[in-house]
1. Can you run down the residue pairs with Cβ atoms below 6 Å, 6 or more apart or on separate chains, where the first is in the stretch 2-30 and among the aliphatic types (A, V, I, L, M) and the partner is surrounded by fewer than 16 Cβ atoms within 10 Å (Cβ to Cβ) and assigned to a loop (DSSP other than H, G, I, E, B)?
2. Residue check, Leu112 against (1) of a type outside the set (Ser, Thr, Tyr); (2) closer than 20 Å to Asn37 by Cα; (3) modelled with pLDDT under 95, all met but one. Which one?
3. Please go through (1) of a type in the set (Asp, Glu); (2) surrounded by fewer than 16 Cβ atoms within 10 Å (Cβ to Cβ); (3) in contact (Cβ under 8 Å) with a residue 12 or more places away in the chain for Asp113 and return the number of the only condition it doesn't satisfy.
4. Find the residue count for the stretch 13-61, including only residues that are within 12 Å of the chain's Cα centre (by Cα), in a loop (DSSP other than H, G, I, E, B) and surrounded by 24 or more Cβ atoms within 10 Å (Cβ to Cβ).
5. In the stretch 74-94, which residues are part of a loop (DSSP other than H, G, I, E, B) and either modelled with pLDDT under 95 or polar (S, T, N, Q) (or both)?
6. How about the stretch 176-211: which of its residues are closer than 18 Å to Asp150 by Cα and touching an Asp or Glu at 6+ places or on another chain (Cβ under 8 Å)?
7. Please tell me if Val111 is of a type outside the set (Asp, Glu) and within 20 Å of Leu189 (Cβ to Cβ).
8. Can you tell me which residues in the stretch 187-208 are loosely packed, with under 13 Cβ neighbours inside 10 Å and in contact (Cβ under 8 Å) with a residue 24 or more places away in the chain?
Amino acid sequence: MFLHEARYRGRDRVNGLAERALVVCGAGALGSLLTDNLVRQGCRRISVVDFDRVEVHNTGTQLYGKGDVGAFKVDVLRGLCFRATGVEIGAFSKRIEERTVGRLLAGAELVLDTLDNSASRRLVSNHCRSTGTKCLHLGMNADFGQVHWDEGYRVPADAAEGDLCDYPLARNLVLLVVAAGSEAVLGWLLDGECRNYSITLRDLAINLERD
């Protein structure tokens, strides 16, 4: 199943990914594709939290298709990951709130924040800091993307007024951020390294941010 990843990273190292517990917050453009990427690279203990349903406009940038419209994103994502790899991810169709964040993130070794609003990002960040849980944030705005560990991270303001999902979103930027995010996740899981990246679409650049 993971032949190419094992040859690139080492079979024992890839096999070890199966036991690491991850929680992905958000199953939209970044969350759905990141989850799909990680299960195809050897991660098997992944839970995803998102209360949203698939809409038609999601199909251009997210993992879902027209036939999935109306279904809960996490349920569709669970089925897609299982059909692709045999990995059965956890799927929680819940909203991340003050009263639910502790329960939804319980047991995570690593939390991946791909949410699209500041309030939820702040709840996740505050919970991870209070519990000492590692947290990686992935986000985008217009031409710019960012993959940043919670240390030194500042929650950005919401990108749009009104509908928080109504902002420019290029599929190629999504793919670049997901690629950088996957490398950041595996860098920490396999080597204990925390690497931050900035991504710009116009020059197709992924830059490693150094302290």
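The values are calculated or read from the model by the stated rules, or taken from the named source; none is laboratory data. Note that the coordinates shown come from a computational prediction; the quantities given were computed from them, not determined experimentally. Reconstructed Cβ throughout: ideal geometry from the backbone, glycine too, with neighbour counts over all protein chains shown.
1. These pairs meet every condition: Ala21/Gly107; Ala21/Glu109.
2. Unmet condition: (3).
3. The number of the failed condition is (2).
4. 3
5. Going residue by residue through the stretch 74-94, those that are part of a loop (DSSP other than H, G, I, E, B) are 86-89, 93-94.
The answer is Ser93, and nothing else.
6. Of everything in the stretch 176-211, those that are closer than 18 Å to Asp150 by Cα and touching an Asp or Glu at 6+ places or on another chain (Cβ under 8 Å) turn out to be Gly187, Cys194, Arg195, Asn196, Tyr197, Ser198.
7. Details: of a type outside the set (Asp, Glu): yes; within 20 Å of Leu189 (Cβ to Cβ): yes.
Considered against the rule, which asks whether it is of a type outside the set (Asp, Glu) and within 20 Å of Leu189 (Cβ to Cβ), Val111 comes out as yes.
8. Start the filter on the stretch 187-208 by keeping residues that are loosely packed, with under 13 Cβ neighbours inside 10 Å, which leaves 191-193, 202-205, 207-208.
Within the stretch 187-208, Arg202, Leu204 meet the criteria.
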